[in-house]
Each structure stands twice: as structure tokens, then as C-alpha cells.
1. What part of the accessible area of segment 1-66, given as a whole %, is carbon or sulfur when the probe is 1.4 angstrom?
2. Quick one: compute the contact order of the chain, relative version, from alpha carbon pairs under 8 angstrom and 6+ residues apart, as a percent.
3. Heavy-atom accessible area per residue, the chain, 1.4 Å probe: how many Å²?
4. Work out the length of the dipole vector of the chain about its Cα centre, built from +1 on the beta-carbon of each Lys and Arg and -1 on the beta-carbon of each Asp and Glu, and round it to the nearest 20 debye.
5. Take the Cα pairs of the chain, get the Kirkwood Rh, then feed it into Stokes-Einstein at 10 °C and 1.306 mPa s and tell me D in µm²/s.
6. For the chain, build the charge dipole from Cβ charges (+1 Lys, Arg; -1 Asp, Glu) around the Cα centre, then report which of 65, 4, 38 sits farthest towards its positive end.
7. Indicate the gyration tensor shape class of segment 1-43 (rounded, prolate or oblate), computed on the Cα atoms with a ≥ b ≥ c the square roots of the eigenvalues: a/c under 1.5 is rounded; otherwise a/b larger than b/c is prolate and the rest oblate.
Amino acid sequence: MEVGFEEILKEFLERHDLTQTAFAFAINVRQSQVSEWLKGKAKPGYDILKRMALAFNVSADYFLGIIDAESYRQ
């Protein structure tokens, strides 16, 4: 079963005890964008996905659901 981006992001925020606002600030987007992602109404584009990976030192493959949480560090 494929896990959707919204589930991956929700798990990431919970695992790192991050609020939507703190996450948004770290990647320079509005909190409302993060909210839309968590609701499954939108997904980040390439540039934002790249910022997410760099800001949190996490492989973009993790956010794409290609690798699991145990192996997401770059």
C-alpha cells in the first residue's frame, strides 16, 4: 500500500515535534500551504521539496515515499 504525501508529512511533523508554523518557517512557505498539504488538497513542487530536504537534512526520497522513516537521513 502506497502512503500519501500527507501521511508522510504528518508523521514527520509528529516525529520531530514540529508545528505547521515552525515547519513552514523553516522552508519559507506560508503555514496555510502546509495545512493544504496535510489535508491532501495540494502537494509541494520541486523547489519546495528540495528546500524541505535541505532544511531538515532528509532525503527527498523520504518525502516522496520512496524510502521509509528508518532510512530517511541523507
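The values are calculated or read from the model by the stated rules, or taken from the named source; none is laboratory data. No experiment lies behind these values; they were computed from the predicted model shown. Positions of Cβ are backbone-derived with ideal geometry, glycine not excepted, and every protein chain shown enters the neighbour counts. These area figures cover heavy atoms from the full protein model, side chains too; ligands, DNA and RNA do not enter into them. Shrake-Rupley method; radii C 1.70, N 1.55, O 1.52, S 1.80 Å.
1. Accessible surface attributable to carbon and sulfur in segment 1-66 totals 50 percent.
2. 30
3. 66
4. Working: 9 positive and 11 negative charges, 74 e Å.
The dipole magnitude comes to about 360 debye.
5. Using the Kirkwood radius from Cα pairs, D works out to 130 µm²/s.
6. Of the options given, the answer is 38.
7. Values: a/c = 2.55, a/b = 1.31, b/c = 1.94.
It comes out oblate by the Cα gyration axes.
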